[in-house]
Amino acid sequence: MFESDAFRKREQALEDEFFHRVDENLRAELRKSMERDRSREALSEATGLTDPELLDALIEAGFQATTLTALAVVPAIFVAWADDTADDLECESIMKAAKERGICGDGVAVQLLETWLKKRPPRSLWETWKRYAHAIGESLSESASGTLSGEVLRLATTVAESSGGVLGFGKISKREQEVLDEIKEAMEFRF
């Protein structure tokens, strides 16, 4: 009799432990889901975007409402990496532009940019930026989208021209020009 009671108590303890672990996992998944929903909502408020897939792609790329300003510099980052290295002059040009746009100090956005300048960001970030640019372009007036396109291209061109060339000639490499052309294409909004 004592053996069966001990066995039943052990069985109950194991069952309780199993359900406790399941409950912990469910709570963790619920917390993660709620955090993602809050991040999606904050990004939506900061950008005016409503496409859940695009918002999720931005979150997957590491963006939060507080780091969103770094997105404006993404094309310049890819221009800097076009020749397989982001050299010191290109990095300096990007950080100067970031500072002019209010990205400064030791905040998360600056850390994000510094990471991208040390290690080439994944191609998925480029694809996410193009989707973001398209969505933003659809939400702006023709005049505002033209201003935005001009600003993005101006920054990317400045980075491309910041290093390379001899006596002012050939400053923009073929690969950098290809990225600039890709930026132009992404920024061609249809009205």
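The values are calculated or read from the model by the stated rules, or taken from the named source; none is laboratory data. Fair warning: this is a prediction, and the values are worked out from it, not measured in the lab. Cβ placement follows ideal geometry from the backbone for every residue including glycine, while neighbour counts extend to all protein chains displayed. Surface areas here come from the heavy atoms of the whole protein model, side chains and all, with no ligands, DNA or RNA. Shrake-Rupley method; radii C 1.70, N 1.55, O 1.52, S 1.80 Å.
With every protein chain kept in the model, how would you rank Met187, Met34 by accessible area, 1.4 Å probe, largest at the top?
Final ranking, largest accessible area leading: Met34, Met187.
Once the whole set of protein chains is in place, how much accessible area is left on Thr50, using a 1.4 Å probe, in Å² to the nearest 10?
110
Using helices alone, what [θ] at 222 nm do you get for the chain, with -39,500 (n - 2.57) per DSSP H run of 4 or more residues, divided over all residues and rounded to the nearest 500?
Computed ellipticity for the chain at 222 nm equals -24000 deg cm²/dmol.
Which angle between 0 and 90 degrees, to the nearest 10, do you get for helix 174-186 versus the longest principal axis of the chain when only C-alpha atoms count?
Between the helix axis and the principal axis of the chain, the angle is about 70 degrees.
So how do 123-136, 96-109, 70-83 stack up, highest first, on mean other-Cβ count within 10 Å?
70-83, 123-136, 96-109
Among residues other than Leu14 whose Cβ falls under 14 Å from its Cβ, what is the net charge (Lys/Arg +1, Asp/Glu -1)?
0
Roll a 1.4 Å probe over the protein chains and send me the accessible area per residue for the range 81-170 in Å².
57
State the dimensionless ratio Rg/Rh of the chain (Rg: radius of gyration of Cα atoms; Rh: Kirkwood radius).
Answer for the chain: 1.25.
Output wanted: per-residue J couplings in Hz (rounded whole) for the range 128-134, from phi through Karplus 6.51 cos²θ - 1.76 cosθ + 1.60, θ = phi - 60°, x for Gly and Pro.
5, 4, 4, 5, 4, 4, 4
Can you tell me the 0 to 90 degree angle between the C-alpha axis of helix 108-118 and the longest principal axis of the chain, rounded to 10?
70
For Asp51, what accessible area in Å² do you get when you roll a 1.4 Å probe over the heavy atoms of the protein chains, rounding to the nearest 10?
70
Leaving out ligands, DNA and RNA, what percent of the accessible area of the chain is carbon and sulfur, probe 1.4 Å?
On the chain, the fraction of accessible area on carbon and sulfur atoms equals 54 percent.
Provide the solvent-accessible area of Arg36, counting protein heavy atoms only and rolling a 1.4 Å probe, rounded to the nearest 10 Å².
Number for this one is 70 Å².
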